[in-house]
Amino acid sequence: MSAIKVGVVGATGYAGSEICRIILGHPQAKLAAISSVSFEGMALSQVYPAYYRLCDMVCGTQEEVVEKSDVIFAALPHGLSQDLAARCWEQGKTFIDMGADFRLREEDEYQEWYGGTYTHKELHEEAVYGLPELFREEIKGKKLIANPGCYTTAVPLALAPALKQGLLETGGIIADCKSGVTGAGRKPTQQNHYPELNESFTAYKVANHRHTPEIEQTLSRLSGEGIKVTFVPHLLPINRGILATCYARLKPGVTEEQLWEAYRTFYENEPFVRLLPKGQVANVKNVRYSNFCDVSLFIDPRTGTFVAISAIDNMGKGAAGQAVQNMNLSFGLEETAGLMLVPPAF
């Protein structure tokens, strides 16, 4: 088949530029068009000199991206994707949304957490949630995919096998997560200003983060019952990475052997989830620039507490890498195409 023509809307943001980086090395796709509101008329290599002589493509308009592309990745803030998705749908283009506009099934939750409405309700019925390890069969061949974010990937992958097998109490789950600063986006704020961030480590949006209902939606689907989660994110003074430490109570009689067997079985054929050996702890350093998710498991026998830890690159498996994984599934390609990037050892 001929190379898939890829367009990126919002190509000069962190997630958008990371999609460009991955597509430049993809064996069956090529970058066809990019756009940026802030840098329209400028080459991507002018915004990111690392792309010099590798991608000197000039940022055009959204209309040009849709016209020239088979698949459009939208790396936009929430509230800006629905009209663009509708244009792509009308023209038979595949649309992968990096933002939040199609992630939540219930409009009232979107209104509560994002302050918006569903302007194209028929498209929300067509959209699928793009977490391949959990919903792969739903994604294959689909043309409208909601790409999960970083926390909403790391937490479910840490807990999925145990919840799916009914090994955990569904009340009292805690997700204690840490993120690199790229998760806050490219636009500077007081919080990610270097003097504020350096030599610092702080929680933010405690019990009020917009990813909360999305995490709960996925965990509820897995367990078959409604789940509420205490989710507390923290900001690390590093560029990339998500570390999710998740705590849950074991159901009476559940053994360590049952847990390990559930995780081994669930993830044994997953190319991007690495279940670490007993005693080894997931570390964001070991997944940088990759699409891998490392998972480690622990039990506190004194309290009956299960501790599952996952590590991902928030720009990789937590954003652009997963989006390309979804593209591969949508177009019937090898799921790992363009994504078998080895993390640097140091």
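The values are calculated or read from the model by the stated rules, or taken from the named source; none is laboratory data. From a predicted model like this one, the values you see are computed outputs, not experimental measurements. As a convention, Cβ positions derive from the backbone with ideal geometry for all residues, glycine included, and neighbour counts pool all protein chains shown.
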Looking at segment 152-174, I want the residues that are among the β-branched types (Val, Ile, Thr) and have a partner that is surrounded by fewer than 24 Cβ atoms within 10 Å (Cβ to Cβ) and assigned to a helix (DSSP H, G or I) with Cβ atoms under 6 Å, at least 6 apart or on another chain. Which pairs are those? 170/223
Using the structure shown, decide if residue 114 is over 30 Å from residue 261 (Cα atoms) and in contact with a Phe, Trp or Tyr (Cβ under 8 Å, 6 or more places away or on another chain). no
Just to be sure before I move on: is residue 78 in contact (Cβ under 8 Å) with a residue 24 or more places away in the chain and either touching a Phe, Trp or Tyr at 6+ places or on another chain (Cβ under 9 Å) or not in a helix (DSSP H, G or I) (or both) in the structure I sent? yes
Could you figure out which of (1) surrounded by fewer than 23 Cβ atoms within 10 Å (Cβ to Cβ); (2) under 19 Å from residue 315 (Cα atoms) isn't true of residue 73? (1)
Among the residues of segment 290-310, is there at least one that is in a loop (DSSP other than H, G, I, E, B), within 14 Å of residue 23 (Cα to Cα) and outside the structural domain of residue 96 (by TED's automatic domain parsing)? yes
In segment 39-63, which residues are of a type outside the set (Gly, Ala, Ser) and surrounded by fewer than 16 Cβ atoms within 10 Å (Cβ to Cβ)? 40, 42, 46, 49, 52, 53, 54, 56, 61, 63
By residue number, the members of segment 156-167 that are out of contact with any Pro (no Cβ under 9 Å at 6 or more places or on another chain) and either under 20 Å from residue 101 (Cα atoms) or surrounded by fewer than 24 Cβ atoms within 10 Å (Cβ to Cβ) (or both) are 164, 165, 166
Residue in segment 21-38 that is within 24 Å of the chain's Cα centre (by Cα), part of a helix (DSSP H, G or I), more than 21 Å from residue 327 (Cα to Cα) and at pLDDT 95 or above present: no
Which one of 262, 244 is modelled with pLDDT of 95 or more and assigned to a strand (DSSP E or B)? 244
Segment 220-232 residues that are under 12 Å from residue 160 (Cα atoms), paired with ones that are β-branched (Val, Ile, Thr) and surrounded by 19 or more Cβ atoms within 10 Å (Cβ to Cβ) (beta carbon under 6 Å, 6 or more apart): 220/227; 223/170
Counted residues in segment 24-38 being touching a residue at least 40 places away in the same chain (Cβ under 8 Å), in contact with a Lys or Arg (Cβ under 9 Å, 6 or more places away or on another chain) and surrounded by fewer than 23 Cβ atoms within 10 Å (Cβ to Cβ) come to 0
Within segment 123-165, residues being modelled with pLDDT of 95 or more, out of contact with any strand residue (DSSP E or B) (no Cβ under 8 Å at 6 or more places or on another chain) and farther than 24 Å from residue 261 by Cβ number 5
Criterion: under 21 Å from the mean Cα position of the chain (by Cα), aromatic (Phe, Trp, Tyr) and closer than 15 Å to residue 153 by Cα - qualifying residue of 331, 266, 231: 231
Count of residues meeting criterion [in contact with a helix residue (DSSP H, G or I) (Cβ under 8 Å, 6 or more places away or on another chain) and either assigned by TED's automatic domain parsing to the domain that holds residue 100 or in a strand (DSSP E or B) (or both)] in segment 206-236: 4
